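Here the structure is laid out as structure tokens; the discussion comes afterwards.
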Amino acid sequence: MAIEQSIDQQVALLMQGIEMGDEKLKEAMGKELRERLEDSQNTGVPLRVYCGYDPTSPDLHIGHTVTMRKLRQFQELGHQAIFVVGSFTALVGDPSDKDKARPRLTKEQVMANAKTYTDQAFKILDREKTEVRFNDRWLSGVTLEQVIEVASNFTVQQFLVRDNFSKRYASNEPIWLHEFFYALLQGYDAAELRADVQLGATEQLFNLLAGRKLQEAMGMKPQVALTVPVLVGTDGHLRMSKSTGNTIGIDEPPEEMYGKVMSIPDSAMSNYFRLVTRWTPDEVAFLEEGLASGDLHPRDVKMRLAREVVEIYHGVEAVEPAEAAFVHLVQEGGQPEDMPEHAYQAGTPLIDAMVDSGLVESKSQARRLVDQNGVRLNGEVVEDPNFNLDFQEAAVLQVGKRRFARLVRAQ
RNA sequence: GGGCGGUUACCCAAGUGGCCAACGGGGGCUGACUGUAAAUCAGCUGGCAUAAGCCUACGGCGGUUCGAAUCCGUCACCGCCCA
């Protein structure tokens with residue numbers, strides 16, 4: 001059911017948060033979007049709006065949800081969302097988001113990942129109104145002739161202008177020929193899907209524009225390209241991505257999610273407000289002003305952010321327990337309710353139990369941690385790594401702030 | 001096909017015969033402090049060993065040497081230039 005809104009309101013909503021890196025381009029796209037929306041209203045034909053996701057890892061993270069949220073907005077206005085699984089493009093490796101060529105995946109990995117991807121995506125998207133497409137369905141059948149035909153629309157110079165290619169070119173890093181094809185493939189997708197609108201992160205702009213160019217060459221009306229800012233990872237600087245290990249997975253348990261949000265640097269909060277919450281621009285502005293003036297405490301604001309993120313993926317009932325766990329564990333330095341259990345033989349040196357329980361990787365590392373006062377047994381800092389375990393009752397082993405195990409003497 | 005340069009720990013990168021388990025930076029970990037797992041500061045960051053010490057490691061293999069990440073040979077891979 002399309003929500004009744006004027007075209008003006010719709011454009012304003014859909015363009016909110018769109019960043020094209022160039023005001024003129026953004027204006028032009030906004031104008032094209034308006035035309036499309038008007039056409040759609042007049043003809044009653046919904047717009048075909050697509051976004052592609054390369055299944056390079058088994059899990060989606062909240063970085064992926066930025067474009068999904070935008071897709072969802074289109075859905076709510078009655079348009080057709082198309083979720084494209086890059087089952088073919090993932091094999092090529094997208095050069096956009098890295099300074100280095102990405103390792104290529106096998107077909108099997110890609111298909112396994114695709115399965116979990118789509119399931120997770122429906123936490124955001126309306127399953128009923130989403131068309132899921134796998135791009136190997138059409139791309140794997142493309143002939144060399146067609147490839148050359150498509151390639152004839154582009155020059156090498158156009159590619160070299162791209163920041164991440166020009167950088168690598170300048171620093172003598174390899175630029176693989178197959179990487180050039182990535183943009184062509186995305187363009188091909190756009191044409192195949194007869195897309196009216198394509199969404200992507202700002203770094204994808206080049207690819208989206210390639211789609212426009214190809215559609216035009218094929219006698220179609222070029223799609224509206226809309227890009228959203230990139231979400232930074234938990235480190236606060238780099239793009240959130242599996243390969244840098246700075247992700248917050250949308251399938252992670254509430255406590256984990258809450259804690260990870262709390263671990264982002266204060267400086268990254270604004271990025272998160274805008275990209276991964278349901279807050280309106282007014283609410284965001286209120287928080288930012290409060291932070292700037294000192295009226296709001298950064299920690300409290302971040303907790304608010306953490307609650308919001310947990311609520312989105314786990315529902316409102318998961319929020320309180322997740323926050324309570326955080327307060328207990330981190331702010332009060334308490335112990336978690338659940339911790340893995342490890343059975344030891346009486347007389348086992350503590351250091352061995354640390355390794356055996358999987359809390360540390362080697363005895364050398366365990367020794368170092370003891371030296372650094374990072375190991376506690378029943379709350380007491382351990383001084384002697386060779387201490388022999390022999391407790392009647394279960395003992396709580398703590399390594400650092402976050403790793404716990406319950407040690408139980410074996411019979 | 002020819003010439004030149006390169007390959008060092010999770011990443012970047014220094015080291016050109018012994019003082020090298022290998023400078024520095026990033027990341028990660030621990031601690032202190034705090035406002036949180038933020039910021040800041042300090043320490044740690046191959047394995048085994050209570051310790052002395054031992055083992056493994058500077059692309060692979062082989063050699064020179066009392067001794068090699070460092071020299072030589074060869075193979076593999078990468079980059080640049082020429083064709």
TODO: Could you grab me the full set of residues in the range A:243-269 that are more than 9 Å from RNA strand B (Cβ to nearest atom) and of a type in the set (Asp, Glu)?
DONE: A:251, A:252
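Name the residues in the range A:399-411 that are in a loop (DSSP other than H, G, I, E, B) and more than 7 Å from RNA strand B (Cβ to nearest atom), would you? Break it down stepwise before answering.
Of the range A:399-411, the ones in a loop (DSSP other than H, G, I, E, B) are A:400-402, A:410-411.
If the condition is that a residue be in a loop (DSSP other than H, G, I, E, B) and more than 7 Å from RNA strand B (Cβ to nearest atom), then A:410, A:411 are the ones that fit.
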Task: Residues being among the basic types (Lys, Arg) and either touching a residue at least 24 places away in the same chain (Cβ under 8 Å) or touching a strand residue (DSSP E or B) at 6+ places or on another chain (Cβ under 7 Å) (or both) - total across the range A:358-396 - done: 1
Task: Subset of the range A:17-50 (residues that are open to solvent by less than 80 Å² (accessible area, probe 1.4 Å), outside any helix (DSSP H, G or I) and either out of contact with any helix residue (DSSP H, G or I) (no Cβ under 9 Å at 6 or more places or on another chain) or without any contact (Cβ under 8 Å) to a residue 60 or more places away in the chain (or both)) - done: A:22, A:44, A:46
TODO: Considering only the range A:282-327, state which residues are within 12 Å of RNA strand B (Cβ to nearest atom) and of a type in the set (Asp, Glu).
DONE: A:300, A:323
TODO: Kindly indicate whether any position in the range A:8-16 is of a type in the set (Asp, Glu), surrounded by 13 or more Cβ atoms within 10 Å (Cβ to Cβ) and in a helix (DSSP H, G or I).
DONE: no
Open item on the list: Condition check: in a loop (DSSP other than H, G, I, E, B) and more than 16 Å from RNA strand B (Cβ to nearest atom). Does residue A:211 satisfy that?
Closed with: no
Open item on the list: For the list (1) assigned to a helix (DSSP H, G or I); (2) over 25 Å from residue A:407 (Cα atoms); (3) within 23 Å of the chain's Cα centre (by Cα), I need the number of the one condition that residue A:256 fails.
Closed with: (2)
Task: Failed item in (1) within 13 Å of RNA strand B (Cβ to nearest atom); (2) exposed (fewer than 15 other Cβ atoms within 10 Å of the Cβ); (3) of a type in the set (Ser, Thr, Tyr), with residue A:272 passing the rest - done: (2)
Task: Which numbered condition residue A:355 misses (of (1) closer than 30 Å to residue A:327 by Cβ; (2) free of Cβ contacts under 8 Å to residues at least 24 places away in the same chain) - done: (1)
TODO: Tell me, please, whether a residue that is among the aromatic types (Phe, Trp, Tyr) and buried (at least 16 other Cβ atoms within 10 Å of the Cβ) can be found in the range A:320-327.
DONE: yes
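Would you say residue A:316 is of a type outside the set (Lys, Arg), under 17 Å from the mean Cα position of the chain (by Cα) and modelled with pLDDT of 90 or more? Before you say what the answer is, go through the steps one by one.
Details: of a type outside the set (Lys, Arg): yes; under 17 Å from the mean Cα position of the chain (by Cα): no; modelled with pLDDT of 90 or more: yes.
No.
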Open item on the list: Need pairs with beta-carbon distance below 6 Å; first residue of a type in the set (Val, Ile, Thr) and within the range A:132-152, second surrounded by 12 or more Cβ atoms within 10 Å (Cβ to Cβ) and at pLDDT below 90; sequence gap 6+ or separate chains.
Closed with: A:132/A:118; A:150/A:184
- [ ] Filter the range A:234-262 for residues that are open to solvent by less than 20 Å² (accessible area, probe 1.4 Å), farther than 15 Å from residue A:60 by Cα and not assigned by TED's automatic domain parsing to the domain that holds residue A:302 and give the result.
- [x] A:236
Open item on the list: Can you tell me which of (1) open to solvent by less than 60 Å² (accessible area, probe 1.4 Å); (2) outside the structural domain of residue A:19 (by TED's automatic domain parsing) is the one residue A:227 doesn't meet?
Closed with: (2)
Task: Per-region count, the range A:352-398, residues near RNA strand B (Cβ under 6 Å from one of its atoms) and surrounded by 13 or more Cβ atoms within 10 Å (Cβ to Cβ) - done: 5
- [ ] Identify all residues within the range A:214-224 that are open to solvent by 10 Å² or more (accessible area, probe 1.4 Å) and in a helix (DSSP H, G or I); write none if there are none.
- [x] A:216, A:217
Task: Spans of helices (runs of 4 or more DSSP H) in the range A:277-377 with at least 3 residues under 19 Å from residue A:262 (Cβ atoms) - done: A:281-293, A:298-314, A:319-326
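The values are calculated or read from the model by the stated rules, or taken from the named source; none is laboratory data. Keep in mind the model is a prediction, meaning the values are calculated, not measured. Positions of Cβ are generated from backbone atoms using ideal geometry, with glycine treated the same way; all protein chains shown enter the neighbour counts. Areas reflect the complete protein model, heavy atoms only, side chains present, ligands, DNA and RNA absent. Shrake-Rupley method; radii C 1.70, N 1.55, O 1.52, S 1.80 Å.
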